[in-house]
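The values are calculated or read from the model by the stated rules, or taken from the named source; none is laboratory data. These figures come from a predicted structure and were not determined experimentally. In this analysis, Cβ positions are derived from the backbone assuming ideal geometry, glycine residues included, and neighbour counts consider all displayed protein chains. Quick note on the areas: whole protein, heavy atoms, side chains included, nothing else; ligands and nucleic acids left out. Shrake-Rupley method; radii C 1.70, N 1.55, O 1.52, S 1.80 Å.
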Amino acid sequence: YNQNEIKPLNKIILNKGIDHLKKDKKMKELILIHKKPKFTKSKNYFNSLSKSIIFQQLSIKAGNAIYNRYLNLFENRIPNFLQIINTDNFILREIGLSKQKVEYIKELSNYFYKSYNVDFKFLTNQQIFDELIAIKGIGKWTIDMFLMFAIFRVDILPVSDLGIKKAFKKLYNLNELPTPQQMSKISKPWEPYRTIACCYLWQFLDNDDQW
């Protein structure tokens, strides 16, 4: 693998990436009219993954409402996997989580309880995928969000994200939503900064809510 893959996205790389993306005519148009993406650092990987589970198949507005109620369960609003293990399922259902998502967050909590020493930032994208895909409720989309917004990997293209698909369709006047293969081909000029490009695509959809 490319050793650069495990370097996290920082301000220098962000600016370098934006300069690179401006070489693409369509992306330059988006960069000129939208805000520069922000990446908020957090080492609470459990929180990042539980947040992704909560947001699965929900609008950002609905996801944020449930996620805020979820945060209120914890001291200082800092999610803790040990506390989730000891929290009754009924309480988690009361904040708006489906039965399935309660099960997924419990599975995630047990994973962190057993694998607390795993340091994701030293793993490659593939190693992280292999580690997380084994957890029930964690799929490709959740792992992509984790790589982008928790580990800050700079070249992630979440081909299963509906918002990104819609942005491709709108930006390139496609007749239907693109296939993963089409998305990979179109985004080739954005490499190795597709994470940054996707942040502009989400804004382009007029979805300026903060993830």
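Looking only at the stretch 116-127, count how many residues are touching a residue at least 12 places away in the same chain (Cβ under 8 Å) and either farther than 28 Å from LEU157 by Cα or assigned to a loop (DSSP other than H, G, I, E, B) (or both).
Of the residues in that region, 3 qualify.
Would you list the helices (runs of 4 or more DSSP H) that sit entirely within the stretch 23-81 and hold 3 or more residues that are open to solvent by less than 100 Å² (accessible area, probe 1.4 Å), under 24 Å from ASN110 (Cα atoms) and charged (D, E, K, R)?
none
Restricting to the stretch 82-99, name every residue that is under 14 Å from SER50 (Cβ atoms), assigned to a helix (DSSP H, G or I) and of a type outside the set (Val, Ile, Thr).
LEU82, GLN83, LEU92
Looking at LYS188, LYS165, LYS136, can you tell me which residue is closer than 15 Å to LYS26 by Cβ and basic (Lys, Arg)?
After applying the criteria, what remains is LYS188.
Can you tell me how many residues in the stretch 97-135 are of a type outside the set (Val, Ile, Thr), in contact with a Lys or Arg (Cβ under 7 Å, 6 or more places away or on another chain) and open to solvent by less than 40 Å² (accessible area, probe 1.4 Å)?
Final tally of qualifying residues: 2.
Suppose we filter ILE18, ILE31, ILE6, ILE53 for residues that are of a type in the set (A, V, I, L, M), under 17 Å from TYR193 (Cα atoms) and either touching a Ser or Thr at 6+ places or on another chain (Cβ under 7 Å) or modelled with pLDDT under 95 (or both); which single one remains?
So the residue among ILE18, ILE31, ILE6, ILE53 that is of a type in the set (A, V, I, L, M), under 17 Å from TYR193 (Cα atoms) and either touching a Ser or Thr at 6+ places or on another chain (Cβ under 7 Å) or modelled with pLDDT under 95 (or both) is ILE6.
Within the bounds of the stretch 87-94, is there any residue that is closer than 25 Å to PHE129 by Cβ and crowded, with 19+ Cβ neighbours inside 10 Å?
No, the stretch 87-94 contains no residue that is closer than 25 Å to PHE129 by Cβ and crowded, with 19+ Cβ neighbours inside 10 Å.
Confirm whether ILE66 is in contact with a Gly (Cβ under 9 Å, 6 or more places away or on another chain) and in contact (Cβ under 8 Å) with a residue 40 or more places away in the chain.
no
Within the stretch 158-183, count every residue that is more than 17 Å from ILE143 (Cα to Cα), touching a residue at least 24 places away in the same chain (Cβ under 8 Å) and either open to solvent by 70 Å² or more (accessible area, probe 1.4 Å) or part of a loop (DSSP other than H, G, I, E, B) (or both).
3
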